[in-house]
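Notes for the one structure printed next.
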Amino acid sequence: MRRLLFAANWKMHLGPDEARVYLKTFRARYNRRDDREVWFFPPGVSVEAAAQAARDRNDLVVGVQDVYWEPKGAFTGVISAPLAAQAGARAALVGHSERRHIFGETDDDTRRKVSAALHATLVPVLCVGETLAERDAGHTLAVVMRQLSAALGSLDGPAMSRVVVAYEPVWAIGTGRNATPQDASAVHREIRAWLTGRGADAPRVLYGGSVNVKNAAALLAERELDGVLVGGASLDPEGWAQLVQTGAA
Ligand code: PGA
């Protein structure tokens, strides 16, 4: 059975109290369905509150938006994968375009972060995607493949099978523009082929970038999409509960 994954990236929104209220409202509006799971990526300070609020629902997973690759030590201001796991995280975003473009994260950083997440038994959700200039120059696939091989190229099959990839064209994030379902699907097919060619068993590839309750169904009608990673449209628990019930599995 196709099992859709709906991932909410709250970015720098929703503190611990707000996260608790959010999860309460969300849970009242969304009952577990076997054909989908819902993941939440709150800011680091809210991971524990969100994980507590979701703890008796194993279809709801809480993750962290970023990890540093060292497990512990004198690294002021960052969170390691084992510390995030202690707070209740089960997944970690890696290489989100805001990390790459605002904070200067490199392909090599993403490799170390994927590896750190896997060591701490967090599911890495590796974000890849091209800028508008790269797309206009016809470099979409070259960029995506470079990001995949830099971050994941050294993993063996079992490790590769644990990774989720989110294709998020940078020009579609927070802009209200998104790729057509067919364009997204074509990139997803290449990503899946790359992953399965390196031993991944049934890899999951999400789409992200201005996904909302209006366009989600058309995107998810593409069988290449295993789910969506959503920023802005995930911040309201009622709207998000509606969005996660779109799309046929
Ligand atoms: P958006 O963000 O849905 O607000 O475009 C998606 C993301 O950055 O993961």
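Derivation of every value follows stated rules applied to the coordinates shown; laboratory data play no part. Quick caveat: nothing in here was measured; it's all calculated off a predicted structure. Counting neighbours? That spans all protein chains shown, and the Cβs are built from the backbone with ideal geometry, glycine included.
General remarks:
- Among the residues of the stretch 129-144, at least one is surrounded by 21 or more Cβ atoms within 10 Å (Cβ to Cβ), without any contact (Cβ under 8 Å) to a residue 60 or more places away in the chain and in contact with a strand residue (DSSP E or B) (Cβ under 6 Å, 6 or more places away or on another chain).
- Considering only residues in the stretch 71-94 that are more than 13 Å from residue 173 (Cβ to Cβ) and within 16 Å of the ligand (Cβ to nearest atom), the one that is surrounded by the most Cβ atoms within 10 Å (Cβ to Cβ) turns out to be 94.
- Selection status of residue 234, touching a strand residue (DSSP E or B) at 6+ places or on another chain (Cβ under 7 Å) and hydroxyl-bearing (Ser, Thr, Tyr): yes
- All conditions but one from (1) within 16 Å of the ligand (Cβ to nearest atom); (2) within 18 Å of the chain's Cα centre (by Cα) apply to residue 148; the one that does not is (1).
For every residue, the table says whether it meets (1) assigned to a helix (DSSP H, G or I); (2) under 14 Å from residue 206 (Cα atoms); (3) out of contact with any helix residue (DSSP H, G or I) (no Cβ under 7 Å at 6 or more places or on another chain).
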position: 118; (1), (2), (3): yes, no, no
position: 126; (1), (2), (3): no, yes, no
position: 130; (1), (2), (3): no, no, no
position: 134; (1), (2), (3): yes, no, no
position: 138; (1), (2), (3): no, no, yes
position: 143; (1), (2), (3): yes, no, no
position: 175; (1), (2), (3): no, no, yes
position: 185; (1), (2), (3): yes, yes, yes
position: 188; (1), (2), (3): yes, yes, yes
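- Looking across the stretch 11-34, the residues that are among the hydrophobic types (A, V, I, L, M, F, W, C) and buried (at least 22 other Cβ atoms within 10 Å of the Cβ) come down to 14, 19, 23, 26.
- Residues satisfying the stated conditions in the stretch 192-206, i.e. touching a Gly at 6+ places or on another chain (Cβ under 8 Å) and either without any contact (Cβ under 8 Å) to a residue 40 or more places away in the chain or within 16 Å of the ligand (Cβ to nearest atom) (or both): 204, 206
- Top-ranked residue of the stretch 35-45 - restricted to ones that are surrounded by fewer than 24 Cβ atoms within 10 Å (Cβ to Cβ) and free of Cβ contacts under 8 Å to residues at least 60 places away in the same chain, ranked as farthest from the chain's Cα centre (by Cα): 45
- Hits in the stretch 91-102 - residues which are farther than 16 Å from residue 69 by Cα, in contact with a helix residue (DSSP H, G or I) (Cβ under 9 Å, 6 or more places away or on another chain) and not small (Gly, Ala, Ser): 101
- Odd one out for residue 166 among (1) touching a Cys at 6+ places or on another chain (Cβ under 6 Å); (2) in a helix (DSSP H, G or I): (2)
- Taking each residue of the stretch 224-239 that is in a loop (DSSP other than H, G, I, E, B) and looking for partners that are away from the ligand (no atom under 12 Å from the Cβ) and of a type in the set (D, E, K, R) with beta-carbon atoms closer than 8 Å, six or more apart or interchain, yields 224/189; 224/192; 226/2; 226/3; 226/204.
- Selection from the stretch 207-223 of residues that are in contact (Cβ under 8 Å) with a residue 60 or more places away in the chain and either within 15 Å of the ligand (Cβ to nearest atom) or under 16 Å from residue 177 (Cα atoms) (or both): 208, 209, 220
- Residues that are within 16 Å of the ligand (Cβ to nearest atom), among the polar types (S, T, N, Q) and surrounded by fewer than 21 Cβ atoms within 10 Å (Cβ to Cβ) within the stretch 156-191 comprise 175, 180, listed in sequence order.
- Among the conditions (1) surrounded by 15 or more Cβ atoms within 10 Å (Cβ to Cβ); (2) more than 10 Å from the ligand (Cβ to nearest atom), the only one that residue 229 does not satisfy is (2).
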